[in-house]
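First the structure, in the form of structure tokens, and then the observations on it.
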Amino acid sequence: MGRTCVGLFTIGYLALIYSFGISEEDPRLPDVLKAPQIAKQIVLELPPGEDNPRNSEGDFIRLESGDILYVYTKYYGTSGDDHASAKLASRVSRNYGRTWSSEDEVVLENEGRLNVMSVSLLRMRDHSIALFYLVKETPGDCRPYLRYSYDEGKTWTERVEIMGEPSYNVVNNSRAVLLTEGRIILPVARHAYRGGDVYNYESKATVFCLISDDGGRHWSQSENVPNVNNIVYQEPGVVELADGRLLMTLRNTSGRQYFAYSNDRGVTWTDSEPSPLVSPASPATIKREPGSDNLIAIWNDSPDKRDPLTIARLSPDGKRILAKKTLDRSAGDETRGYCYPALFFLDQNEFLVGYCCGKGYWGLPASRISRARLEDLK
């Protein structure tokens, strides 16, 4: 029965494609027809609850014991607004991501006048763990900071200041990148704050990277990413390509992710260009596939909605989609969205994705972790 249904669906799908003369990449296709769903297990759900209006974006790190640590933004109080009170909390898996601890551990209390959020975790060359996060002091002052752990996340050092002058800087979760030679790249979108209302920002950001060549103790700033086409740049991410270049993906309002490239390890960038990823104003996450030059991308495959959440294999330069499947979708629930994915490879085949999956407010109130296999992405 199940196979028959799948077969009929496939025949109908192909008939739609060929009778209307459109490709599988055409945004006119209904979301449910864009890509079949990849087999996955939802291994952790983090719904909001009492005194916990939002559980938001996070990142993964493998501990020396083999356990997997997931650190995420946990809101408390009555509001799940971006500027509301939040701290950093964690869950741990001791069996390769199959199950997770049932209770939160507090990683960092709220040290900002507004909140802390947007975690990135890196394993450093000296075996310490680097914890990057944002501290929001005021509507016009949001900056990244850094702490280290030398005991596998049990305790953390005093924070390291990365940027000196107050300004509003967006650094998404799971964005810090450690390049092959040890350079750290932290992609930043700086929005001009016009004062007055809490959200009175310029939507178009200035995008650049913060660079450290000494493990995060000292930082310099790259040149800005050119914007000759006047694109509304937001929420950049960076991946190191097999040929040594860096690829930056840029959230924007054009209905498609844009890409820029660096030939000098992040110091200067090409002007951006449209990518093959149809997308709303929502970020994409891209990483190198283990044991391959290809890339794995996770994003919202829709020109105007954060639904569905899609996973694809891209060519080594990111310019072609080689395979694509749906990771999660709402199945008709227009109030649900999926966003801010963190991708973690357990090995060369199995992987975890942590992402927001809530109802309302662009999908932000709830989060989950799903587990799947790359062999099913074909």
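The values are calculated or read from the model by the stated rules, or taken from the named source; none is laboratory data. All values reported here derive from a predicted model rather than from experimental measurement. Cβ coordinates were reconstructed from backbone atoms using ideal geometry, including for glycine residues, and neighbour counts include every protein chain displayed.
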Query raised in the report: Has the stretch 341-351 got any residue that is buried (at least 23 other Cβ atoms within 10 Å of the Cβ), under 26 Å from residue 81 (Cβ atoms) and under 19 Å from the mean Cα position of the chain (by Cα)?
Result: yes
Requested in this report: Using the structure shown, decide if residue 369 is under 23 Å from residue 247 (Cα atoms), in the same structural domain as residue 40 (by TED's automatic domain parsing) and surrounded by 17 or more Cβ atoms within 10 Å (Cβ to Cβ).
Outcome: no
Query raised in the report: Does any residue of the stretch 286-307 turn out to be assigned by TED's automatic domain parsing to the domain that holds residue 173, of a type in the set (A, V, I, L, M) and in contact with a helix residue (DSSP H, G or I) (Cβ under 8 Å, 6 or more places away or on another chain)?
Result: yes
Query raised in the report: Mind checking which residues of the stretch 283-304 are out of contact with any Ser or Thr (no Cβ under 9 Å at 6 or more places or on another chain), more than 16 Å from residue 248 (Cβ to Cβ) and in contact (Cβ under 8 Å) with a residue 40 or more places away in the chain?
Result: 289, 290, 291, 304
Query raised in the report: Counting just the residues of the stretch 289-336 that are over 18 Å from the mean Cα position of the chain (by Cα) and hydroxyl-bearing (Ser, Thr, Tyr), which one comes out surrounded by the most Cβ atoms within 10 Å (Cβ to Cβ)?
Result: 330
Requested in this report: Can you tell me which residue among 212, 220 is more than 17 Å from the chain's Cα centre (by Cα) and without any contact (Cβ under 8 Å) to a residue 24 or more places away in the chain?
Outcome: 220
Query raised in the report: residue 83 is checked against (1) in contact with a Pro (Cβ under 7 Å, 6 or more places away or on another chain); (2) crowded, with 19+ Cβ neighbours inside 10 Å and fails just one. What number does that condition carry?
Result: (2)
Query raised in the report: Does the stretch 339-357 include one or more residues that are in contact with a strand residue (DSSP E or B) (Cβ under 6 Å, 6 or more places away or on another chain), part of a loop (DSSP other than H, G, I, E, B), aromatic (Phe, Trp, Tyr) and touching a residue at least 12 places away in the same chain (Cβ under 8 Å)?
Result: no
Requested in this report: Considering only the stretch 119-158, state which residues are under 19 Å from residue 219 (Cβ atoms), polar (S, T, N, Q) and in a loop (DSSP other than H, G, I, E, B).
Outcome: 128, 157
Query raised in the report: Which numbered condition trips up residue 153, out of (1) touching a residue at least 12 places away in the same chain (Cβ under 8 Å); (2) at negative phi?
Result: (2)
Query raised in the report: Do you know which of the residues in the stretch 159-213 that are among the aromatic types (Phe, Trp, Tyr), touching a His at 6+ places or on another chain (Cβ under 9 Å) and part of a strand (DSSP E or B) is surrounded by the fewest Cβ atoms within 10 Å (Cβ to Cβ)?
Result: 201
Query raised in the report: Pick from 78, 99: which is at pLDDT 95 or above, over 22 Å from residue 152 (Cβ atoms) and among the β-branched types (Val, Ile, Thr)?
Result: 78
Query raised in the report: Within the bounds of the stretch 122-144, is there any residue that is within 24 Å of residue 193 (Cβ to Cβ), loosely packed, with under 15 Cβ neighbours inside 10 Å and free of Cβ contacts under 8 Å to residues at least 60 places away in the same chain?
Result: yes
Query raised in the report: Can you find even one residue in the stretch 27-34 that is exposed (fewer than 15 other Cβ atoms within 10 Å of the Cβ), in contact with a helix residue (DSSP H, G or I) (Cβ under 9 Å, 6 or more places away or on another chain), of a type in the set (Lys, Arg) and at pLDDT below 95?
Result: yes
Report task. Give the residues of the stretch 84-118 that are within 19 Å of the chain's Cα centre (by Cα) and either under 18 Å from residue 151 (Cβ atoms) or in a loop (DSSP other than H, G, I, E, B) (or both), sorted by residue number. Result -> 88, 90, 97
Requested in this report: Would you confirm whether any residue within the stretch 46-68 is among the β-branched types (Val, Ile, Thr), within 20 Å of the chain's Cα centre (by Cα) and more than 22 Å from residue 311 (Cβ to Cβ)?
Outcome: no
